[in-house]
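Report on one structure; see the data block that follows.
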Amino acid sequence: MIHPFLIDTVTLEQNVGRADLVVIDVRGKAAYAFGGHIPGAVHATWHEFSDATAAAKGLLEPDLSRIEHKLQMLGINHDSDIVIYSNPFDNWGDEGRMFWMLQYLGLTKLRILDGGWVKWVAEKRRYEHGAVSPKPGNFHASPNPGLIVLKEELKKLVKRPHPETVIADARSLEEYAGKEVQGIPRPGHIPSAISVPWNTFLKPDATVKDLDVIKTNLEDKGLHESHEVICYCTGGVRSAWLYFVLRLAGYSKVRNYPGSWWEWSRDFAAPVQTDVEMLHTIIGHEDAKPS
């Protein structure tokens with residue numbers, strides 16, 4: 001697919017080594033260090049930019065200077081051309097989280113590698129091992145508040161009718177319905193939220209589905225381009241991938257809730273809904289599958 005937010009493997013390989021290009025590998029450290037990575041790629045994960053003191057793991061580090069320093073050490077400048085990649089079949093949408101965070105912080109030249117490491121390896125493209133230490137960049141953050149939603153604002157929103165805003169739950173349908181999850185105080189979903197599972201937008205080769213298919217899927221779920229869409233999941237990672245897909249599909253008013261269910265479920269003043277009938281139906285179907 002040709003899109004300003006995507007880059008294909010052929011184009012990326014042709015541009016590897018360009019001075020203004022920063023390629024960020026957001027897979028785990030072991031996969032990057034020992035499994036090989038795209039030549040020149042630096043490594044970073046969303047955890048490194050989260051608030052280490054918060055119980056809600058998805059919240060961003062509140063000290064912007066620390067985030068800036070970490071991004072500068074990746075070689076990022078204000079005008080860097082940034083490509084993000086992962087293994088799309090072995091993560092939680094981590095490339096979407098990095099895309100959302102960098103866009104929120106003010107960077108604009110951002111693309112995700114369509115097909116990621118899966119397609120790169122399948123096509124036998126060149127790779128290397130070992131850490132990359134680039135020249136530090138000069139990036140300084142200019143956060144865009146229009147791309148993020150915080151808990152207190154969302155609590156106020158759900159207390160009133162909000163036909164102009166759709167709350168999209170990017171978790172699995174089981175989690176949405178109310179499946180108990182270890183470490184989560186309360187199961188269920190934010191009242192009025194609709195279920196839009198994050199992992200339904202890729203083809204078997206790990207590339208993004210055609211836009212007309214994605215748009216039909218979203219519209220069938222009640223999401224229209226005129227809506228503001230607020231995305232959440234457990235820790236703002238799967239929801240950030242949904243954020244990316246929505247932006248890809250032309251939705252201009254999209255925000256991510258980084259605290260997500262880790263934060264919401266811990267605030268007993270935050271309302272929660274479950275769908276017991278839906279959960280029993282899902283569990284019944286799972287139990288009926290042959291072992």
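The values are calculated or read from the model by the stated rules, or taken from the named source; none is laboratory data. As the structure is a computational prediction, the values presented were derived from the model and not from experiment. Don't worry about glycine lacking a Cβ; one is built from the backbone with ideal geometry, like all the others, and counts go over all protein chains shown. Just so you know, the surface numbers come from the protein's heavy atoms only, side chains and all, with ligands and any DNA or RNA stripped out. Shrake-Rupley method; radii C 1.70, N 1.55, O 1.52, S 1.80 Å.
A simple packing score, the average count of other Cβ atoms within 10 Å per residue, orders the peptides 169-180, 230-241, 90-101 as 230-241, 90-101, 169-180, with the highest score first.
Considering only Cα atoms, the convex hull volume of segment 1-93 works out to 130 Å³ per residue. The Rg/Rh ratio of the chain, with Rg taken over Cα atoms and Rh as the Kirkwood radius over Cα pairs, comes to 0.97.
Pairwise Cα separations in segment 121-168 fall into 5 Å bins from 0 onward with the following percentages, short to long: 4, 10, 13, 12, 8, 8, 10, 12, 10, 10, 3. Per residue, the average separation of C-alpha pairs within less than 8 Å and at least 6 apart gives segment 132-291 a relative contact order of 30 percent.
Size of segment 18-160: Rg and Dmax of its alpha carbons, in Å, are 16.0, 54. For segment 175-232, the dipole from Cβ point charges (+1 on Lys and Arg, -1 on Asp and Glu) about the Cα centre works out to 220 debye, to the nearest 20.
Compared with the dominant Cα axis of the chain, that is its longest principal axis, helix 276-288 is turned about 70°. With distances taken between every two different alpha-carbon atoms, segment 179-228 has a Kirkwood hydrodynamic radius of 13.4 Å. In a simple Cβ point-charge model (Lys, Arg +1; Asp, Glu -1; nothing else charged), the chain has a dipole of about 340 debye relative to its Cα centre. Which aspartates and glutamates, on any chain, are close to LYS124 with Cα under 18 Å apart, when same-chain ones fewer than 8 places away are left out? List returned: ASP8, GLU13, ASP25, ASP114, ASP205.
Here the spin labels are modelled as points 7 Å beyond Cα on the Cα-Cβ line, and at ASN15 and LYS221 they lie 2.9 nm apart. Accessible surface computed residue by residue for segment 193-291, with neighbouring protein chains in place and a 1.4 Å probe, gives 44 Å² per residue. Work from the charge dipole of the chain (Cβ charges, +1 for Lys and Arg, -1 for Asp and Glu, about the Cα centre) and give the residue of ALA170, VAL272, ILE38 farthest towards its positive end. With unit charges placed on the Cβ atoms, the residue in question is ILE38. Output needed: percent of Cα pairs per 5 Å distance bin for segment 78-162, bins running from 0 to the one holding the longest distance. Per 5 Å bin, starting at 0, the Cα pair percentages come out as 3, 11, 14, 17, 18, 14, 10, 6, 3, 3, 1.
Normalised by residue count, segment 191-264 yields a Cα convex hull volume of 84 Å³ per residue. With both residues required to sit in segment 1-142, DSSP beta bridges show an antiparallel share near 15%.
Taken over segment 163-291, the convex hull of the Cα atoms encloses 128 Å³ per residue. Sorting 203-210, 109-116 by their mean Cβ neighbour count within 10 Å, with the most densely packed peptide first, gives 109-116, 203-210. Protection proxy ranking of 74-80, 269-275, by the mean of other Cβ atoms within 10 Å over each peptide's residues and highest first, is 74-80, 269-275. Rounded to the nearest 20, the Cβ-based charge dipole of segment 1-157 about its Cα centre (Lys and Arg +1, Asp and Glu -1) stands at 140 debye.
Between GLY106, SER80, GLY96, the Cα set farthest toward the positive side of the dipole of segment 62-153 (charges on each charged residue's Cβ, about the Cα centre) is that of SER80.
Bridge orientation summary for the chain: considering DSSP beta bridges with both residues in this region, about 15 percent are antiparallel.
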